[in-house]
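Below: one structure, written as structure tokens.
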Amino acid sequence: MEQMNELTTLEQWNKIWERSMNMPIFVFKHSTSCLISARAFKQVKALPERGKVDCYLVKVIESREVSNQIAEDTSITHKSPQIFLIYKKKVLWNTSHWKITKSNMEKEVSRVFE
């Protein structure tokens, strides 16, 4: 994935949440102090750019307010690392820790476009 925009404000998150009405998005919650999260981040960055799905990063320690709002808006308890595939303001898929892999993400993206 060539570019991953970081979400640091609630205003940014609200725009991305609305954007999911038009296209699927990945949101990756990353803990900068966790080795498991560092490994998961490498997997997320390895996802090839398809132009079909935008990917966003939330550093959970530095942007706790955004992380908490995502948990509230999605009704999914916070974990980190954690990734969501969101489309039309619905979480189509989410997972955490060791299950965050390039192959799992590719599989879920392909299901959206079947």
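The values are calculated or read from the model by the stated rules, or taken from the named source; none is laboratory data. Worth saying up front: this structure is predicted, and the values here are computed from it rather than measured. Positions of Cβ are backbone-derived with ideal geometry, glycine not excepted, and every protein chain shown enters the neighbour counts.
Structure summary
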quantity: Check on Ser20, of a type in the set (Ser, Thr, Tyr) and touching a helix residue (DSSP H, G or I) at 6+ places or on another chain (Cβ under 8 Å); calculated: no
quantity: Residue that is modelled with the lowest pLDDT [pool: residues in region 1-32 that are of a type in the set (S, T, N, Q), within 14 Å of the chain's Cα centre (by Cα) and closer than 24 Å to Ser110 by Cα]; calculated: Gln3
quantity: Residues of region 20-43 classified as free of Cβ contacts under 8 Å to residues at least 24 places away in the same chain and of a type in the set (A, V, I, L, M), total; calculated: 2
quantity: Region 42-98, residues that are surrounded by fewer than 16 Cβ atoms within 10 Å (Cβ to Cβ) and among the hydroxyl-bearing types (Ser, Thr, Tyr); calculated: Ser75, Thr77
quantity: Among the candidates Leu7, Leu35, residue that is of a type outside the set (Gly, Ala, Ser) and crowded, with 18+ Cβ neighbours inside 10 Å; calculated: Leu7
quantity: Within region 1-97, helices (runs of 4 or more DSSP H) holding 3 or more residues that are of a type in the set (Val, Ile, Thr); calculated: 64-74
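Residue-by-condition table, conditions (1) touching a His at 6+ places or on another chain (Cβ under 6 Å); (2) under 18 Å from Arg19 (Cβ atoms); (3) modelled with pLDDT under 90:
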| residue | (1), (2), (3) |
| --- | --- |
| Cys34 | no, no, no |
| Ser37 | yes, no, no |
| Arg50 | no, yes, yes |
| Val58 | no, yes, no |
| Ile70 | no, yes, no |
| Thr74 | no, yes, no |
| Met105 | no, no, no |
| Ser110 | no, no, no |
